[in-house]
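Undergrad: Handing you a structure now.
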Amino acid sequence: MKRRNFIKGLLYGTGGTMAFMGGFGTFSNLNNLKAEATDSETTVFSSCEICRNQCPIAVKVKDGKVTKIEGNPNDTAFGGVICARGNAGPSLLYDPQRIKKPMIRTGERGSGKFKEVSWDEAYTYIADKLYNVKDQFGGEAIALASRKGPHDWFFRSIGKAMGSPNTFSHEASCPLTRNVALDTTFGTEAIAADYGNAKYIISVGRNWFEGIQVAQTRAVSKAISNGAKLVVLDPRFSVTASKGEWLPIKGASDLAFVMAMANILIKENLYDQDFVSQYTVGFDKWAEAVKDKTPEWAEKETGISKDKIIQITREFAAAKPKAILDFGWRTAYTSNDYQLRRAIMIVNMMIGNFEVPGGYYHNKGAGVLKKFPDQAAYGKSLGGIAQPSFPTPSKARIDGTGVKGTLGQIIPAYDGAVGKIVESILTEDPYPIKAWLVHRFNPYITITESERVLEAFKKLDLLVTCDVYMTDTAYFSDVVLPECTYLERYEPIFDMSGLTPKFVLRQPAVPLVYADTKPYWQIYKELGEKMGLGDYFGYKDMEDYLTQTLAPTGITLDQMKEKGVWTPSGMKAFYVRANDPKASLDNVLENKSKKIEIFSEECEEAAKQGIPQYVSHPQPEEGKFRFVQGKVAVHTNAGTANIPVLNELMPTNTLWMNPVSCTKLGLKDGDDIVISSGKYEQKGKLKMTEGIRPDTVFCYHGFGRISPELKRAYGKGINGNCLIPNEIGDVGNTVTSATFVTVRKA
Ligand SMILES: Nc1nc2c(c(=O)[nH]1)N[C@H]1C(S)=C(S)[C@@H](COP(=O)(O)OP(=O)(O)OC[C@H]3O[C@@H](n4cnc5c(=O)[nH]c(N)nc54)[C@H](O)[C@@H]3O)O[C@H]1N2
Ligand SMILES: Nc1nc2c(c(=O)[nH]1)N[C@H]1C(S)=C(S)[C@@H](COP(=O)(O)OP(=O)(O)OC[C@H]3O[C@@H](n4cnc5c(=O)[nH]c(N)nc54)[C@H](O)[C@@H]3O)O[C@H]1N2
Ligand code: SF4
Ligand SMILES: [Mo]
């Protein structure tokens, strides 16, 4: 079979679901979710939340019950398609293991003893404890952490109104280093890649076919179907690697590969000199930095042959500007990962792939479009809800964010270094954190060094978790707040602008399944009112909120409900340089220099790191393995191990090991094993596979759950974060590919 056809067949299952082969079974189990369309079936357009991608969905409802979820056909980028996890929405919605009532802990922390309480009792308890902490230790002793999202405005208002500077997103464990790289190079994080039109794509660990974003994954498949070449640098054979040329690079050595690419582009004069001289600053210093980063040198660092590096670089340059060296998504491999991401973007800019089809571009939301007179009419700005000003915190943040002359200067204050919460609780440095509010986040599973996270939980005066399940973090909390699922609630409009503007609505498809659950916009408004902070929540209900925020756009809530998505009619994908390769980029570069900063003034000011410098990270000695992790197509992070149909598809994970290493250790496929980092151990099962370097082991992330209330997932599989130390990288990022482990038979 031709590769193109094979890929087509692989990607699209029936019924608008993307199907992925990855050794985790089939999707036939989902068939029981299918319902026959009847006259009484209605469709509600909304947005998925099985992961934070919020893909537009069409929810089929019959007799007040969700029968099936498909992609919203009104959105062309998604093409009416969702992923397998998105299909599992009804399985979450009707799961009897969801939390159904607010709960307050009655036994020892971690004993699992809770009593069900009314919402009013829960609010009163939280309010009293928070004011106690504030009185004794100051508002800064309250930390808030959530997965970044639309809930932040509501959730964070509580902490900010109490005078806390310590609000965190999950990003330090995810794309923070990439975002810092974009900020310091382009002055903005709002940069995306036009995979669908690319002719050559190099992944530096980006795993589109398991770490799925439906529109992106579709675009990469489209490029491959159109003949684009995909090259995948990954120490293990991911599903993505199976769709292109796999280069099994040594973990943590990617910067050597990227710098060698720059070296070759310069030596062979393959870069776009016009682009570099018109739009960038600092090229000479970069040329100096990569002068000795030859392919021969990179071969030793990366384990990829010099000839291969030269070949890939030449092919990449030949496809310019429709070539993408991908900037990654979960970019938390090493301590200096942000410099890898900067180097990646510099190599991209060397081939001038900015603001042209098949390259990178600035997202075209209203803020950018209004600067282009011929495009301005297409953009619409959402309004906000007025809030009284928040008190000024009396202390700086715990993570050094914003401190000039240190790397903290370049960490986005909105995100911060979430791993630092754990450290500040335990060490009281720079001051104690005594209360931690957690929303839609499961730090026990997703922050490194789980044991230390647990220790931190135990030291707190107050831990509150708002979730849909009794997660591991919830299980150790003082108060657990049951949120209703995404299928039962409204949320603020999502701005998902790309090459054209786009708004997506989330609206309830069905009434509450469990009457005592609530949406976050109600929970934090009511908690705020209980705490005397009601003025910060200036909306009556979510229809009122949506109506107020949509008002400046002229789009009505009814219009949004009708299609679920809004894009301006008649607008074509807008690339600033599509018709004029010399067009000004001033409107999309948001830094002061109005240049693409190969030499970054900010990085120089922060840490004398204006140009990426190579750091050679240690490689494992004989008998030890680099431990890496990744996503799997049928689960989301720490969120889905217990969702019935997804648990059925893949109830646990395994440790991947190369047969050569298995033989050396006398291990065979399926063996019970113990993985040791020296300090910590995890038990698991071995998967013997050629699809990994002999010096590396791998497991899928999100297993090893310790809350017995997650009855399906409890006690199954390996929690990688039990093995990884809580090392906080240069820009606050977690470090997840730098741990070495040994493996033995259990
Ligand atoms: N199905 C599914 N889709 C998801 C998610 C999910 O949980 N499930 N999560 C969403 C989220 S939150 C994110 S951030 C994205 C993540 O999207 P990706 O970042 O593409 O996903 P990962 O699988 O984490 O990719 C990590 C890959 O990097 C490899 N790797 C580890 N260390 C190194 C290294 O040093 N160098 C190189 N070159 N490779 C290395 C791993 O083997 C793994 O294959 O996916 C999103 N989509
Ligand atoms: N070692 C290692 N660590 C990692 C990773 C890795 O690959 N390796 N991956 C990292 C990445 S990329 C990320 S993004 C993070 C993810 O870290 P998290 O954000 O903690 O994980 P998620 O699974 O996205 O979601 C967290 C919680 O949201 C809950 N939830 C789902 N829907 C709702 C809802 O509607 N309301 C509420 N209130 N809660 C809801 C889920 O039940 C889950 O407990 O983990 C990171 N940590
Ligand atoms: S990628 Fe899948 S799980 Fe995530 S929002 Fe989209 S459909 Fe839902
Ligand atoms: Mo992520």
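The values are calculated or read from the model by the stated rules, or taken from the named source; none is laboratory data. Computed from a predicted model, the values in this text were never measured in an experiment. Reconstructed Cβ throughout: ideal geometry from the backbone, glycine too, with neighbour counts over all protein chains shown.
Undergrad: Being touching a Ser or Thr at 6+ places or on another chain (Cβ under 7 Å) and part of a loop (DSSP other than H, G, I, E, B) is the filter here; which residues of region 557-591 pass it?
TA: Hits for region 557-591 are Gly564, Thr567, Pro568, Met571, Ala573, Phe574, Glu590.
Undergrad: From the list Asp461, Asp495, pick out the single residue that is modelled with pLDDT of 95 or more and closer than 30 Å to Ala366 by Cβ.
TA: Details: Asp461 fails: closer than 30 Å to Ala366 by Cβ.
From the options Asp461, Asp495, the qualifying one is Asp495.
Undergrad: Shifting gears a bit: Applying the selection to region 168-185, what residues are within 15 Å of ligand 2 (Cβ to nearest atom) and in contact with a strand residue (DSSP E or B) (Cβ under 8 Å, 6 or more places away or on another chain)?
TA: Residues of region 168-185 that are within 15 Å of ligand 2 (Cβ to nearest atom), as a first pass: 168-179.
Selection gives Phe168, Ser169, His170, Ala172, Ser173.
Undergrad: Quick one: which of Leu176, Leu130, Leu92, Leu144 is more than 30 Å from Met345 (Cβ to Cβ), crowded, with 24+ Cβ neighbours inside 10 Å and within 16 Å of ligand 1 (Cβ to nearest atom)?
TA: Numbers: Leu176 fails: more than 30 Å from Met345 (Cβ to Cβ); Leu130 fails: within 16 Å of ligand 1 (Cβ to nearest atom); Leu144 fails: within 16 Å of ligand 1 (Cβ to nearest atom).
Checking each option against the conditions leaves just Leu92.
Residue by residue, here is whether (1) outside the structural domain of Ala417 (by TED's automatic domain parsing); (2) touching a residue at least 12 places away in the same chain (Cβ under 8 Å); (3) more than 19 Å from Cys466 (Cα to Cα) holds:
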site	(1), (2), (3)
Glu108	no, no, yes
Lys115	no, yes, no
Asp128	no, no, no
Ala141	no, yes, yes
Ser146	no, yes, no
Pro150	no, yes, no
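Undergrad: Would you point out which residue out of Val504, Val480, Val438, Val453 is of a type in the set (Val, Ile, Thr), within 18 Å of Gln97 (Cα to Cα) and buried (at least 20 other Cβ atoms within 10 Å of the Cβ)? Reasoning before the result, please.
TA: Working: Val504 fails: within 18 Å of Gln97 (Cα to Cα); Val438 fails: within 18 Å of Gln97 (Cα to Cα); Val453 fails: within 18 Å of Gln97 (Cα to Cα).
Going through Val504, Val480, Val438, Val453 in turn, just one is of a type in the set (Val, Ile, Thr), within 18 Å of Gln97 (Cα to Cα) and buried (at least 20 other Cβ atoms within 10 Å of the Cβ): Val480.
Undergrad: If a residue must be more than 21 Å from Arg744 (Cβ to Cβ), within 16 Å of ligand 1 (Cβ to nearest atom), in a loop (DSSP other than H, G, I, E, B) and in contact with a strand residue (DSSP E or B) (Cβ under 6 Å, 6 or more places away or on another chain), how many such residues does region 692-724 contain?
TA: Qualifying residue count for the region: 2.
For every residue, the table says whether it meets (1) within 16 Å of ligand 4 (Cβ to nearest atom); (2) of a type outside the set (A, V, I, L, M); (3) under 30 Å from Pro432 (Cα atoms); (4) in a helix (DSSP H, G or I).
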{"site": "Ser40", "(1), (2), (3), (4)": "no, yes, no, no"}
{"site": "Ile69", "(1), (2), (3), (4)": "no, no, no, no"}
{"site": "Asp75", "(1), (2), (3), (4)": "no, yes, no, no"}
{"site": "Gln97", "(1), (2), (3), (4)": "no, yes, no, no"}
{"site": "Ile126", "(1), (2), (3), (4)": "no, no, yes, yes"}
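Undergrad: Here is a follow-up. Looking for whichever is more than 10 Å from ligand 3 (Cβ to nearest atom) and within 23 Å of the chain's Cα centre (by Cα) here; the options are Asp75, Asp95, Asp63. Which one fits? Don't jump to the end; show me each part of the working.
TA: Values: Asp95 fails: within 23 Å of the chain's Cα centre (by Cα); Asp63 fails: within 23 Å of the chain's Cα centre (by Cα).
The conditions single out Asp75.
Undergrad: Next question. Looking only at region 133-174, filter to residues that are in a helix (DSSP H, G or I) and closer than 14 Å to Ala413 by Cα; which one of those is farthest from ligand 3 (Cβ to nearest atom)? Reasoning before the result, please.
TA: Initially, region 133-174 is screened for residues in a helix (DSSP H, G or I), giving 133-137, 139-141, 152-161, 171-173.
So of that shortlist, the ones also closer than 14 Å to Ala413 by Cα come out as 152, 156, 160, 171-172.
Details: Asp152: 18, Arg156: 23, Lys160: 28, Glu171: 17, Ala172: 21 Å.
Applying the filter and picking the extreme gives Lys160.
Undergrad: Working carefully through the options Asp307, Asp274, find the one that is surrounded by fewer than 19 Cβ atoms within 10 Å (Cβ to Cβ), out of contact with any Asp or Glu (no Cβ under 8 Å at 6 or more places or on another chain) and more than 30 Å from Thr689 (Cα to Cα).
TA: Working: Asp307 fails: more than 30 Å from Thr689 (Cα to Cα).
None of the other options fit; the residue is Asp274.
Undergrad: Determine which single condition Trp521 fails, assuming it passes every other condition in (1) under 29 Å from the mean Cα position of the chain (by Cα); (2) assigned to a loop (DSSP other than H, G, I, E, B).
TA: (2)
Undergrad: A follow-up question, please. Which of (1) near ligand 3 (Cβ under 8 Å from one of its atoms); (2) free of Cβ contacts under 8 Å to residues at least 12 places away in the same chain is the odd one out, the single condition Cys48 does not satisfy?
TA: (2)
Undergrad: Just checking, how many residues over region 51-67 are outside any strand (DSSP E or B), surrounded by fewer than 24 Cβ atoms within 10 Å (Cβ to Cβ) and touching a residue at least 40 places away in the same chain (Cβ under 8 Å)?
TA: First pass over region 51-67, keeping only residues outside any strand (DSSP E or B): 51-55, 63-64.
Pick out the ones that are also surrounded by fewer than 24 Cβ atoms within 10 Å (Cβ to Cβ) and you get 51-54, 63-64.
If we keep only those that are touching a residue at least 40 places away in the same chain (Cβ under 8 Å) as well, we get 51-54, 64.
Looking only at that region, the number is 5.
Undergrad: Right, something else. Working carefully through the options Asn653, Asn637, find the one that is assigned by TED's automatic domain parsing to the domain that holds Val735, within 14 Å of ligand 2 (Cβ to nearest atom), surrounded by fewer than 22 Cβ atoms within 10 Å (Cβ to Cβ) and not charged (D, E, K, R).
TA: Values: Asn653 fails: surrounded by fewer than 22 Cβ atoms within 10 Å (Cβ to Cβ).
Going through Asn653, Asn637 in turn, the sole match is Asn637.
Undergrad: Going by the structure shown, is Lys687 assigned to a loop (DSSP other than H, G, I, E, B) and either surrounded by fewer than 23 Cβ atoms within 10 Å (Cβ to Cβ) or modelled with pLDDT under 95 (or both)?
TA: Values: assigned to a loop (DSSP other than H, G, I, E, B): no; either surrounded by fewer than 23 Cβ atoms within 10 Å (Cβ to Cβ) or modelled with pLDDT under 95 (or both): yes.
Spelling it out, it is not the case that Lys687 is assigned to a loop (DSSP other than H, G, I, E, B) and either surrounded by fewer than 23 Cβ atoms within 10 Å (Cβ to Cβ) or modelled with pLDDT under 95 (or both).
Undergrad: In region 456-475, which residue that is hydrophobic (A, V, I, L, M, F, W, C) and near ligand 2 (Cβ under 7 Å from one of its atoms) is surrounded by the most Cβ atoms within 10 Å (Cβ to Cβ)?
TA: Filtering region 456-475 for residues that are hydrophobic (A, V, I, L, M, F, W, C) and near ligand 2 (Cβ under 7 Å from one of its atoms), the one surrounded by the most Cβ atoms within 10 Å (Cβ to Cβ) comes out as Cys466.
Undergrad: Given the residues Ala219, Ala256, Ala260, Ala252, which is the only one that is within 16 Å of ligand 1 (Cβ to nearest atom), modelled with pLDDT of 95 or more and in contact with a strand residue (DSSP E or B) (Cβ under 8 Å, 6 or more places away or on another chain)? Please lay out each step first, then the result.
TA: Details: Ala219 fails: in contact with a strand residue (DSSP E or B) (Cβ under 8 Å, 6 or more places away or on another chain); Ala256 fails: in contact with a strand residue (DSSP E or B) (Cβ under 8 Å, 6 or more places away or on another chain); Ala260 fails: in contact with a strand residue (DSSP E or B) (Cβ under 8 Å, 6 or more places away or on another chain).
The match here is Ala252.
Undergrad: Considering only region 77-89, state which residues are within 15 Å of ligand 2 (Cβ to nearest atom) and either in a strand (DSSP E or B) or surrounded by fewer than 21 Cβ atoms within 10 Å (Cβ to Cβ) (or both). Walk me through how you get there before you give the answer.
TA: Just the residues of region 77-89 that are within 15 Å of ligand 2 (Cβ to nearest atom), to begin with: 83, 85-86, 88-89.
The answer is Cys83, and nothing else.
Undergrad: Still on this model: With the checklist (1) outside the structural domain of Phe257 (by TED's automatic domain parsing); (2) exposed (fewer than 15 other Cβ atoms within 10 Å of the Cβ); (3) not hydroxyl-bearing (Ser, Thr, Tyr) in hand, flag the one item Phe574 doesn't pass.
TA: Unmet condition: (2).
Undergrad: Gln54 fails exactly one of the following numbered conditions: (1) within 16 Å of ligand 4 (Cβ to nearest atom); (2) in contact with a helix residue (DSSP H, G or I) (Cβ under 7 Å, 6 or more places away or on another chain); (3) more than 20 Å from Asp472 (Cβ to Cβ). What is the number of that condition?
TA: (2) is the only condition that Gln54 fails.
Undergrad: State all residues of region 531-556 that are surrounded by 14 or more Cβ atoms within 10 Å (Cβ to Cβ) and part of a loop (DSSP other than H, G, I, E, B); if no residue qualifies, say none.
TA: Scanning region 531-556 gives Met531, Leu533, Phe537, Gly538, Tyr539, Ile555.
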